[in-house]
Every structure is written in C-alpha cells, then in structure tokens.
Amino acid sequence: MNPVVIAIKILRALITVVLLVTFVFVILRLSGDPAVQMLGLEVSQEALDEFRHRWGLDRPIWEQFLSFFWNILHGDFGQSFIGGRDALAVVLERLPKTLQLMGLTTIFTFGLGIPAGIYASLHRNTFADRTIMGLTVASFSLPNFVVGIILIMVLGVTFRLLPTSGSETALHYIMPVITMATADAAIFARFSRSAMLEVLHAPFMRTARAKGLMWGAAVRRHALPNASIPIVTVGGIYVGRQIAAATITENVFAWPGIGKLLVNSVQLRDLAVVQCIVILVGVTMVITNLLVDLAYGWLDPRTRTGDSK
Amino acid sequence: MNEHRNTADRKTWRDYLTVMPPSILISAIWIVFIVAVAVLADVIAPYDYKHMDLLDRLRPPIWMENGVWSHLFGTDDLGRDVLSRIIFSIRISLFVALLGTFIGAVLGTTLGFAAAHFRGRVDDLIMILIDFQAALPFLILALAVLAFFENSFLLFVLVMGIYGWERYARIVRGLALSASSTGYAVAVRVLGASPARVYLRHILPNVASAIIVNMTLNFPETILVETSLSFLGLGIQPPLTSLGNMVGFGRDYLLTAWWIVVLPSIVIFITSLAFSLLGDWLRDVLDPTLRGN
C-alpha cells in the first residue's frame, strides 16, 4: 500500500479518537455540572472548587476541552468515587479477567465456526449443510443473556454441574465462554461458508483443476487463502461484538471484568469510570479497525495501489 | 426499458406467498400473531400487568402441579400474572423496536442523501461520523448516554433510534451517488425539480427496497439490544415492563420459578428468529445484489 494512503488512514483514525473524546466531553457537559456529576452532591465546597480548578471548569469552554483532552492524554480520567481511586487503575485491574474471557471465546468461536462453515460450503445443499445453517440462524437469534440464563438453569441449578458466578476455578470459565461464543460462532460459520462458496466457483479454481490439481489440494492451496480475506474484514465488527457480549455475559455470571464494572458504574453513575471505559473501548476499536484495514490491503494485492475507497 | 421491466417483473403479493418456503410462512404467521398481540394487549390480557396479588405468588403454569386456569402461565414473585406481563412486554418491546428502527432509518437515510447531495465537506463529516459509530459498539454508547443522563422512556427510545443509522447512511449514500448520475435523476433536475423533490420523489423509491431490507434486518437486532439493556436493568424502567426486564428480574427465582424467565426468553427467541428468517428471505427476493453481505 502506498504511504500516502496509510497516512490518510492513520489520520482518519486519529480524527475518530478526537471525536470520541469530544463525544464524551459533550455528553458530560450536557448532563449537568461536571463537578457535581463526578463527585456527587455530598462533597464539600472546597472539593468542588478544587475539582473545577483541576479540570479547568472556571475557564472558557474551548480551554476546558483542551485541558480535558490533555488530562486524558496523560491517563488522568479522574477519580472513581468508590474509594476515590484513580479511574484508570480501577479499570485496568479488571482488564485481565475480561481479556481471558475474550481470548478463550475467540478460540472457540473460530475453532467451531470457521470449520463448520467450510464444511458446509464443501457439502452444499446436503443434509449436513442445512443442519449447520439451521443451527446458525437459531443460535444468533438467541440473545446472550438468554443463553447464559438457560445454561445457569440447566447446568448450574438443575444438575448442579457448574458454578454459576465468579471466576475462581477453571470450571467457572465454561458457561461464560459458551454464552459468548454461541452467536459469534454462528456468524463466522455463515460468513466463512459464503466466502468459500464465492471462491469455490471462481475461475482460478477451474484453472487449478484443469492443470491437474486434486480437488482437495485446490481447496487447500487456492480456495482457503482467498476465502480468508473477507473473513479478516469482519475482524473489527467481531471485536465490537465481543465487547458488547462480554458486557452482558459478565453481568449474567457475576464475572469480575470490565463489563460488570461498566454496568455497575452506570448504575451508580460513577462517571469517571464510565468515561474511562468508553474511551478505552473506542481507542481499542479504532486501532482494530485500522489494523484490519491495513491487513486487508496487505492480503489483497488488488487494493494495494491507489485509493481503497 | 424501465416500464417494460415493471410490467414483466412486478410481482404481486400472491406471487410472494407461493414462493415462500414453509419456514418463512411460519415466521410470517408468528410475526402477524405477535403484532396482533401487541396491538390488542388491553383486550386480550387477562389482568393488568401491574396488578399484584401477594397471596398468590410464584404459582406455576397450568401444565404443572398446582397450576390454575386463572393464571395460564403462572404468577411471578409479586403475584402478577405472567401471561399478562408477557403480553404487555411484547407491546412495549415491539413498540420500542419499531420506533427505534424507524428513527434510525429516517436519520440514516437523510444523512446518506445529504452526503450524496452536498459531497465535499458535508460528505467528509458524515463519513467521519460513520467511522465514529464504527468505533463504539452500540451497547457501550447506549450505556454511556444512559449513565450521563437520567433514564427516561423518551431518551431510551431516542438512543435505540441511533442504533444502526450508519448502515442506512452508508447504503443510501452509495445508492444515491450512483442514482443521481443516471438518466432519470438528471432529467428531473434539468426540468427544474428541487433537490428535495429529486431525492424524495425519484431517488427514494429506487433505494426503498434496500432500506426496507435493512429495516427488517435491523428490527430483530433492535429487539435484542433493547431486551439486553432492559435485562441489565438499564433499559425500560419499572413499572413499565419489557421482555428483557422480565428475564432480568426473574433470574433470582431460577430455582423456584423458572417460568418467569423461560417463557419470555422463548418469546424473544422465536420473535427474533422469525424476523431474521424473514429478513434474509426478503433480502434474497428484493435485492439479489446484497446477497452474502
């Protein structure tokens, strides 16, 4: 890809981050006096004044925006009013649990979804294909929380096989991971099936067969690499879905991760923590989308030159 | 040529019915049923959804031991009739999803047209907004807004309306850009039609099928987001009730009263399944170019 195109993509990513911070700033200002919002009503006048001065609330609005931005750039997202701790520290200590959940889920999602989709595409219109496709439609119509609750009811309450809340042992991971993987494995199965079907009938496959390549070898060497390109493009959407899925799943299973922290903070209106999570999620997504964009250009040589739009 | 195509290819509803596979037909029947339930909620619900009877709590459904005919689906922890609550929840969940989908479609379509019409700066700005939306999973955006503002029914519906706007904007922008350079759009513009007239009277009908397909796909997703937020206790607030609400409050009674959770879950599942199947099918029938997306 040409450097100018890369530079433009990076610039657009940076603009998105600025917009993200602006969004948080605007809703924070629209929702009332930020000092009262952030600290609550039960604090002293000195604390309010101190907060206003530190966040520059006694200065003009554009200066306030700049100092808001400046503080965030330096990792100062304000203080959680639970224990008055640094919001970023509160969020980061929950991060490993959420990442573990997402990592395991991703292994299951890809490990189940992609092979199922490839198998269905290679056996198109057979009983197996219809069964897999039927199951996928059913499983992405099931919202996360329903899957989680039904699992708790059957495996946790009725048969008492698995613990229903917390994250202490390996057994605690099973139900949350199934809950998070169900819908996305289905999406990947459908997506890899349609990606495969598209390339299986491409002219290069006929060429490969014509030059004497066995069907299996043609699939491995030509169809799979080409079908993997569109699968990469859904990477950004996948990360976004995982974040949303984790938010709900963690609340179903009382999982001590960022999703549970976010919902608790919203309920308690612990705004420093909420804004910290929102910005971290946004920045993660921007970086993911940028990487997907760049990877796409690298994988598909046709998009390497010129404007990719 | 256009006229010729219209007379030859225009399908009537009867044609659609005959090519409907059984699964789609069942989905359509379920959707008609569920909409009827939502509309007629006041008439068919045996009780008011807020009516409590603390002497008759956690009664099981009729097919279980101790079930009574007066509470077909049993009662919840406050002695409220589960069937009546499901009926009113269906009304609110469908209403929110319908309104949300409609707001999203109007907002997205308008911005898509604006981007296509003004090009340049406006187009760039709208594309940046689309990037921004792609950078924030909707659930997180909704949680942020609900954290900063006092949750009310109106605010919640407006937030749900934001869901999916960027998809309409992207699709409509693309289609409008290519449509505005075709013969018919140029012709009416030369005849002196205002931009609003060109877009609403001439281009809109040509992009309508893509918008309708997107709406049918958006609708079940909106139901899932609404029920998820309500499940977390951050969506529809009591005393109003939604299907997600029922699951959320019922989960404390999984051991003793599973029906409070399972029955609304089944309704969510079947409804979302029916809309997904119908949406997929409509997409294939109305707009073959979108297939596989």
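At-a-glance table
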item: Computed over chain B: relative contact order in percent, which uses C-alpha pairs under 8 Å that are six or more apart; result: 21 percent
item: The stretch A:103-165 shape via C-alpha gyration tensor axes, a/c threshold 1.5; result: prolate
item: Neighbouring partner chain Cβ atoms per residue of A:144-156, average, 10 Å criterion; result: 5
item: Calculated P(r) tail over 49 Å for the protein assembly as shown, as whole % of Cα pairs; result: 15 percent
item: The stretch A:3-73: C-alpha gyration tensor shape, a/c 1.5 cut-off, then a/b vs b/c; result: prolate
item: Relative contact order %, chain A, counting alpha carbon pairs below 8 Å whose residues are six or more apart; result: 26 percent
item: Relative contact order (%) - criterion: Cα under 8 Å, at least six apart; region: the stretch A:120-243; result: 24 percent
item: Rg over Rh, two decimals, the stretch B:2-286 (C-alpha only, Kirkwood Rh); result: 1.06
item: Extended-chain gain in nm, criterion 0.36 nm per residue less alpha-carbon gap, B:Trp63 and B:Ser194; result: 40.8 nm
item: Using a Förster distance of 35 Å, the FRET efficiency for A:Val232-A:Leu66 (Cβ separation, nearest 0.05); result: 0.40
item: Structure-based [θ]222 nm, the protein assembly as shown - -39500 (n - 2.57) summed over DSSP H runs of at least 4, per residue, nearest 500; result: -23000 deg cm²/dmol
item: Extended-chain gain in nm, criterion 0.36 nm per residue less alpha-carbon gap, B:Leu99 and B:Ser209; result: 37.7 nm
item: Centre separation in Å (Cα based) which lies between the stretch B:102-118 and the stretch A:53-113; result: 33 Å
item: Trypsin sites (Lys or Arg not before Pro) restricted to DSSP loop in the stretch A:142-215 with at most 10 other C-beta within 10 Å; result: A:Arg160, A:Lys211
item: Global form of the stretch A:90-300, assessed from the alpha-carbon gyration tensor, a/c cut-off 1.5; result: oblate
item: Degrees, to the nearest 10: B:204-231 long Cα axis against longest axis of chain B; result: 30 degrees
item: Rounded tilt (10° steps) of A:127-140 against the dominant C-alpha axis of chain A; result: 10 degrees
item: Residues of chain A: accessible area per residue with a 1.4 Å probe, Å²; result: 48 Å²
item: Average beta-carbon neighbours from other chains, 10 Å sphere, peptide B:228-235; result: 5
item: Once exposed loop GluC sites (Glu not before Pro) are cut out (DSSP; at most 12 other Cβ, 10 Å), longest piece of chain A; result: A:169-309
item: Qualifying chymotrypsin sites (Phe, Trp or Tyr not before Pro) for the stretch A:124-200 [loop in DSSP, other Cβ within 10 Å: at most 14]; result: A:Phe159
item: B:Thr75 long-range amide H proximity, modeled H, under 5 Å; result: B:Leu58, B:Arg59, B:Val82
item: Inter-label distance for A:Ile174 and B:His51, nm, one decimal - labels placed 7 Å from Cα along Cα-to-Cβ; result: 4.4 nm
item: Shielding by other protein chains, A:181-194, mean Cβ within 10 Å; result: 1
item: Hull volume in cubic angstrom per residue (convex hull over the Cα atoms of the stretch A:1-119); result: 178 Å³
item: Length gained when the stretch A:Ala217-A:Asn2 is fully extended (0.36 nm per residue, less Cα-Cα span); result: 74.0 nm
item: Angle in degrees between helix B:138-148 and the longest Cα principal axis of chain B, rounded to the nearest 10; result: 70 degrees
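The values are calculated or read from the model by the stated rules, or taken from the named source; none is laboratory data. Keep in mind it's a predicted model, so treat the numbers as computed, not measured. Here Cβ is always computed from backbone atoms with ideal geometry, including for glycine, and neighbour counts include all displayed protein chains. Please note that ligands, DNA and RNA were not included when accessible areas were found on the heavy atoms of the full protein model with its side chains. Shrake-Rupley method; radii C 1.70, N 1.55, O 1.52, S 1.80 Å.
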